[in-house]
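Here's the structure, in structure tokens; my notes come after.
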2 protein chains.
Amino acid sequence: MNYKMIVQYDGTRYDGWQRQGNTSNTIQGKLEAVLSRMDGEPCEVIGSGRTDAGVHSYGQAANVHLKREWSASEILEYVNRYLPEDIEVTEVTPAEERFHARLHAVKKTYCYQIGIGSSKHVFQRKYCYHTEEPLQVEEMQKAAQALVGTHDFQSFCSSKRSKKSTVRTIYEARVELDEESRMVRCIFTADGFLYNMVRILTGTLMEVGQGKRKAYEMEHILEARDRQAAGMTAPAQGLILVNVEYPQKEGTRR
Amino acid sequence: MNYKMIVQYDGTRYDGWQRQGNTSNTIQGKLEAVLSRMDGEPCEVIGSGRTDAGVHSYGQAANVHLKREWSASEILEYVNRYLPEDIEVTEVTPAEERFHARLHAVKKTYCYQIGIGSSKHVFQRKYCYHTEEPLQVEEMQKAAQALVGTHDFQSFCSSKRSKKSTVRTIYEARVELDEESRMVRCIFTADGFLYNMVRILTGTLMEVGQGKRKAYEMEHILEARDRQAAGMTAPAQGLILVNVEYPQKEGTRR
């Protein structure tokens, strides 16, 4: 039986989503350990994609094939009892046998939180990157607009050139200032993201906000198809995977 | 020179506000260590009141007499650079010499956060107490209303009977349900609180919400003047000191 799950986690103390050999300090590793124990059989949890070490999630999507038939509430109750306090499965839905959380994902939304000003953000400190340099949010927003659409995002990808396509479509990119919490949020929705793409996009937008780059340069950076043309990679701890979308009704069995 | 400070902290890893002998794992201890180093003289930080081990603060007030004259921004910059990441001084104001953060406080507001439902509250887990028992919020709100006014709160105090008055005035008491974050908040404003008072008030309101007590019993609990008459002491981690008020202009020198 195939089940779709939504997984929330505070990534602070984990080595990212993906299980790595024998080290189990990953979200996938923790989920597989608990689900395998419940099902009495080894299982593989398939995420919509990896998140790096230190990245958080409000709504990662995953699926798992289990040997026995469980009700959604049985799974929810069991896994949340045995998962550590910083990982939670918030939803379980029986899925069609062929449903695959990575292959079938059509949209993802990420949010990058930048804590600004002199505030130390005591209660949000693990979920944002803090900078005291002033940010021109309107310039960042202008630069973000240039990213929307279908482009080759090679410049915003950390991994070496490979034969895989680096073309992606960004449906929405916006930069918001939250005055009350002294936070700037960069929010991106796309059909998919390359390795480190959101962090490099955000790092580049920050450089625009700091006046080190101009908003109109974004176009040239895209055209360069060269990682060196873009800005720094923003640190992992400010990044949150917000949501993963699938074609309507995809994956739900009942 | 006397300075008023507003202090924010995540109390999770501290033994409360008050310095205890040689152990310095307290908020007061951390502040005094940094301020003494800056001023070159030992100093005493006077809080508006203690907070227990594990209790948090958005707006604790304190004052400190320093030997040298510093600008507010010099103090802010120095202390926030050397304080740990879970303590922040958010405001410094030069104060009249006679200003005393405890003696002059006229109102305090506390908020107790109860995480409800099956959610583990991954991102708020350290700032709430979690219960899966359903809570009748309207009954809790009714019970809270009976607490407003000037009463002897002996029943809601953990410490032994002493000669000190246990009469306090609660100006506002309300219970709110935040559907989105699955959180029930009990918010109290009073001229002062007895030892563990907010936690016992909240514990008792929770028992009303769980149907173990009736809202109309609050009056009898107050009249009993006996700790045994009230409910459990809610755990420290859900409690947040929100705000401390002083008479207008009190404490500000310029």
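A Cβ distance below 8 Å, combined with a sequence gap of six or more or placement on separate chains, defines the contacts here; from segment B:160-187, residues that are over 17 Å from residue B:222 (Cβ atoms) reach residues that are of a type in the set (S, T, N, Q) and assigned to a loop (DSSP other than H, G, I, E, B) in the pairs B:181/B:124; B:182/B:119; B:183/B:124.
Just one residue in the set A:82, A:78 is within 14 Å of another protein chain (Cβ to nearest Cβ), closer than 25 Å to residue A:127 by Cα and out of contact with any Gly (no Cβ under 6 Å at 6 or more places or on another chain); that residue is A:82. For segment B:208-243, the tally of residues that are within 12 Å of residue B:144 (Cα to Cα) and surrounded by fewer than 16 Cβ atoms within 10 Å (Cβ to Cβ) stands at 3.
With respect to the conditions (1) closer than 28 Å to residue B:190 by Cβ; (2) of a type in the set (Phe, Trp, Tyr); (3) not assigned by TED's automatic domain parsing to the domain that holds residue B:202, residue B:156 falls short on a single one, namely (3). Looking at segment B:238-248, which of the residues that are at pLDDT 95 or above and either touching a His at 6+ places or on another chain (Cβ under 9 Å) or of a type in the set (Ser, Thr, Tyr) (or both) is farthest from residue B:98 (Cα to Cα)? The extreme case among them is B:238.
Restrict the check to segment A:67-82 and report whether at least one residue is part of a strand (DSSP E or B), of a type in the set (A, V, I, L, M) and crowded, with 20+ Cβ neighbours inside 10 Å. If you could, list the steps in order and put the result at the bottom.
First, pick out the residues of segment A:67-82 that are part of a strand (DSSP E or B): none.
Within segment A:67-82, not a single residue is part of a strand (DSSP E or B), of a type in the set (A, V, I, L, M) and crowded, with 20+ Cβ neighbours inside 10 Å.
Checking each residue in segment A:107-128 for being more than 9 Å from chain B (Cβ to nearest Cβ), assigned to a loop (DSSP other than H, G, I, E, B) and surrounded by 20 or more Cβ atoms within 10 Å (Cβ to Cβ) picks out only A:128. Of all residues in segment A:1-22 being within 14 Å of chain B (Cβ to nearest Cβ) and of a type in the set (Phe, Trp, Tyr), which is surrounded by the most Cβ atoms within 10 Å (Cβ to Cβ)? Step by step, filter segment A:1-22, then rank; the result is A:9. Of the set (1) of a type in the set (Phe, Trp, Tyr); (2) within 14 Å of chain A (Cβ to nearest Cβ); (3) in contact (Cβ under 8 Å) with a residue 60 or more places away in the chain, all apply to residue B:70 but (2). Scanning segment B:170-218 for residues that are more than 17 Å from residue B:116 (Cα to Cα), of a type in the set (Asp, Glu) and assigned to a loop (DSSP other than H, G, I, E, B) yields one hit, B:191. Scanning segment A:245-254 finds no residues that are buried (at least 19 other Cβ atoms within 10 Å of the Cβ) and among the β-branched types (Val, Ile, Thr).
All told, residue B:203 meets the bar of being within 20 Å of the chain's Cα centre (by Cα) and without any contact (Cβ under 8 Å) to a residue 40 or more places away in the chain. When the test is whether a residue is of a type in the set (S, T, N, Q), surrounded by fewer than 17 Cβ atoms within 10 Å (Cβ to Cβ) and closer than 24 Å to residue B:115 by Cβ, residue B:165 does not pass it.
The values are calculated or read from the model by the stated rules, or taken from the named source; none is laboratory data. This is a predicted model, so every value here is computed, not measured. Every residue, glycine among them, receives a Cβ derived from its backbone with ideal geometry; neighbour counts consider all protein chains shown.
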